[in-house]
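Beneath this line is the structure, given in structure tokens, with notes to follow.
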Amino acid sequence: SSSFLLNDRSFEISSLPSSRAGNLIRELNLFPKLDANVIDGDDSTLTAAEGPSIVERNFR
Amino acid sequence: FPNILADAGDSGDAVQDLGHHAGYYKLPKSQGARMFYFFFESRKKKEDDPIVIWLTGGPGCSSELAMFYENGPFTITKNMSLAWNEYGWDQASNLLYVDQPVGTGFSYTTDKSDIRHDETGVSDDLYDFLQAFFAEHPNLAKRDFYITGESYAGHYIPAFAARVHRGNKANEGVHVNLKGFAIGNGLTDPAIQYPAYPDYALEMGLITKAEHDRLEKIVPLCELSIKLCGTDGTVSCLASYLVCNTLFSGVINHARGVNYYDIRKKCEGSLCYDFSNMEKFLNLNSVRKSLGVGDIEFVSCSTSVYSAMLQDWMRNLEIGIPALLEDGINMLVYAGEYDLICNWLGNSRWVNAMEWSGKESFKAAKEVPFVVDGKEAGSLKSFGQLSFLKVKDAGHMVPMDQPKAALNMLKSWMKNSLREVPVDVSAEGEELVAQM
């Protein structure tokens, strides 16, 4: 049955996870600049260790 | 937000404080993660309006997708201003949208080990957030609370509901008044939903009988691989993902170009929907300043979060649901009838197969029409805590395709009146009494 599977067209590259994720995003016409929001801790004012656990603001 | 278009139906003064909040929460079980959220007070600010949290799928897509294109208070117009969404779910509840798992949307971390791989990490983060949110808004802690979402959130929602229920029973923190959870076109029980692909595709005329029978030969292998994956496998779950996705890609290869979110439509090239205005809007300096996100990028969908969750994909999240139903927590599973990727047939099958005290009564229950504006908007089956709704003329994103029906569905379900003749959301007051 594995040879049956490997002959199956559906084993095309499209079913590999990373390309599927990319397809999913392009199909929605989205072009995120990062593949995840992992930032360098030093260069963001928002990563101050101290301070309250939740910071919320009203916006208009 | 800048330039909200005032709307006659709502507060004329666009700068009036609408009770809209945005914030960051420092995740305690992390090295350096902060989760971003929106909180919209209900539009009519009624004292007893419930709280609804919405979780977007992907996995790894941001909550702003649903907020602007499905059920949020606003839609984005072509000229980058906002217009009120008449059928925003803030018409019926206070709304929380959370960019999760961390790494997506405006949520970020300084340590990639914080990127979540399973439902334990996801549900702990959401529970910790909820505790902090209620500490920030103690006046809301007693409100009825509902967990909702779509697509891959079919995994997140049962896990988060079980986590809240466990916290309540253990008196872990603030008691959360969890009344129910609703899954829209979800992926919850892969062992039942993947084998449904060829059957749904044949029923909808996407593949021939011969192609169907050929794909059927893969089903036993897929089912075996899911058994090996179980509830805590890792490599075995990745293997199962590859094996079982040949069922889905097998259908797609035969139904070239079909939009698997809504089989009535074709994708133009690689484009099935155009959500690019959301990225443009959230990258406007004026908006970023309003939200207080500093120099944090907006990641509309994260490929890294998607890949990190792959080992979670084939796990069965149905197993924790019966205990919640037995403890009186309501579940609504709804599905737009033209969605292929999380189709109504696979969802109906796992809901009917679920082992709980009401199983036989639910299976025996009659399907009744779900009526909106005097027209059938879907077909409903319910018993006790459990309801299943097949929504007409909708695909994967029900609140986007049928906004009025979706708001009616939410309102009726939260009022526990989904099983009676649902009333039209605009028929308030005496008319409502007449209908009742």
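Structural remarks
- Peptide-level mean, for B:23-31, of C-beta atoms on other protein chains within 10 Å: 3
- Shielding of peptide B:112-118 by partners, expressed as the average count of other chain Cβ atoms within 10 Å per residue Cβ, is 1.
- Less than 5 angstrom separates the built amide H of B:Ala377 from those of B:Phe370, B:Val371, B:Val372, all sequence-distant by 5 or more or on a different chain.
- Under Karplus coefficients 6.51, -1.76 and 1.60, residue-wise ³J(HN,Hα) of the stretch B:103-109 in Hz, glycine/proline x: x, 10, x, 9, 6, 8, 8
- With all pairs of different C-alpha atoms in the average, the Kirkwood value for the hydrodynamic radius of chain B is 22.2 Å.
- Normalised Debye scattering of the stretch B:184-293 at q = 0.12 Å⁻¹ gives log10 I(q)/I(0) of -0.59, counting only Cα atoms as equal scatterers and leaving out solvent.
- In chain B, helical runs assigned H by DSSP with n ≥ 4 each contribute -39500 (n - 2.57); averaged across all residues and rounded to the nearest 500, the mean residue ellipticity at 222 nm is -10000 deg cm²/dmol.
- Cα-centred dipole magnitude for chain B, charges only on beta-carbon of K, R (+1) and D, E (-1), debye, nearest 20: 500
- When both the stretch B:75-152 and the stretch B:164-228 are represented by their alpha-carbon centers, they are found 23 Å apart.
- Value of relative contact order over chain B, rounded to a whole percent, pairs C-alpha under 8 Å and six or more apart: 17
- If R0 is 35 Å, the Cβ-Cβ spacing of B:Val235 and A:Asn23 corresponds to a FRET efficiency of close to 0.90.
- D (Stokes-Einstein, µm²/s), Kirkwood Cα radius, the stretch B:245-330, 1.306 mPa s at 10 °C: 91
- Per-residue ³J(HN,Hα) for the stretch B:141-157, Karplus 6.51 cos²θ - 1.76 cosθ + 1.60, θ = phi - 60°, Hz, x for Gly and Pro: 4, 8, 5, 4, 10, 10, 9, 9, x, 8, 6, 5, 5, x, 8, 4, 5
- Greater than 24 Å apart at Cα, pairs in B:Lys363/B:Lys392; A:Lys33/B:Lys404; B:Lys266/B:Lys392; B:Lys45/B:Lys78: A:Lys33/B:Lys404; B:Lys45/B:Lys78
- Here the Kirkwood formula, the inverse mean of 1/r across different C-alpha pairs, assigns the stretch B:134-257 a hydrodynamic radius of 17.0 Å.
- Under 24 Å from B:Lys359, Cα to Cα: lysines that are on another chain or at least 8 residues apart: B:Lys179, B:Lys227, B:Lys381, B:Lys390, B:Lys415
- DSSP beta bridges fully contained in the stretch B:67-226 are about 30 percent antiparallel.
- Sequence-distant contacts, meaning Cα pairs under 8 Å at least 6 residues apart, place the relative contact order of the stretch B:279-383 at 14 percent.
- Scanning residues 5 or more positions from B:Glu150 or on other chains, those with amide H under 5 Å from its amide H are B:Leu55, B:Gly57, B:Gly184, with H placed 1.01 Å from N in the peptide plane.
- Measuring from each cysteine beta-carbon in chain B, the ones with no other cysteine beta-carbon under 4.7 angstrom are B:Cys342.
- Peptide-level mean, for B:301-310, of C-beta atoms on other protein chains within 10 Å: 6
- Proximity of backbone amide H atoms, modeled 1.01 Å from N, is registered between B:Met397 and no other residue at under 5 Å, excluding neighbours fewer than 5 places apart on the same chain.
Read-outs throughout are calculated quantities, based only on the coordinates presented, and are distinct from any laboratory measurement. A quick note: this is a predicted structure, and the numbers were derived from the prediction, not measured. Every residue, glycine among them, receives a Cβ derived from its backbone with ideal geometry; neighbour counts consider all protein chains shown.
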